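Since every read-out is calculated from the coordinates, none of them should be taken as a lab result. Because the structure is predicted, anything quoted here is derived from the model rather than measured. Cβ coordinates were reconstructed from backbone atoms using ideal geometry, including for glycine residues, and neighbour counts include every protein chain displayed.
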Amino acid sequence: MAIAGKRTAPEGRRKKWGGKDFLLLALIVITVASVGTAIWAVKTRSPAAQPDKQGQEETAEPVEKLTDSIDLPGYEWIPLVSGKLEQEQTFPNPPQNFCWIRVSLLLEDGTNLWTSELVAPGESSAPVVLSQTLEPGEYKNAVLKYECFRMDDDLSPLNGGEVHLTLRVK
């Protein structure tokens, strides 16, 4: 209520924004956006992501080839997708090997689920294409069979190996 001749202060006086206030607000917004982007990038990054090395010059020293032994990768288990013949799984022939490798995947009863083409040292097989679909579950005592061959015209057989593992089908 105003008395004649006297003025009262308006309720809730507003402070005028100066250049410093605007700059502070802009800095806060940029900081929050940067932190949010960094958190999003870390959470969505694939842990297995590898940079694409195609087209890049190799700078590592050459791998020393084995001459009296063959390196065969071992696995405790392999993931597969139920109801699908085409899988993403591949199998490498380590670069230090001096031979071709053919890989087969068998069930415990000897059923051949898949056999690769010959895989050169330093290469990986094509993705697995199963001969039959599998139901979800664990298939214990499956076998990953490695057959090894000389890199000659006769493809002379060399020692191979078998790895007993579990197929985890989801």
>> Sorted from largest to smallest, which semi-axis lengths in Å does the alpha carbon gyration tensor of the stretch 77-169 give for its equivalent ellipsoid, taking the root of 5 times each eigenvalue?
In response: 25, 13, 11
> Given Cα pairs under 8 Å that are at least 6 residues apart, what percent is the relative contact order of the stretch 77-169?
Replying inline: 34
> How far apart, in nm, are two points set 7 Å out from the Cα along the Cα-to-Cβ line at Glu76 and at Thr111?
Replying inline: 2.6
> What area, in nm² and to one decimal, does the C-alpha convex hull of the stretch 118-164 cast on average over all directions?
Replying inline: 4.8
> Under a point spin-label approximation (7 Å from Cα along Cα-to-Cβ), what is the Ser69-Asp21 distance to one decimal in nm?
Replying inline: 7.5
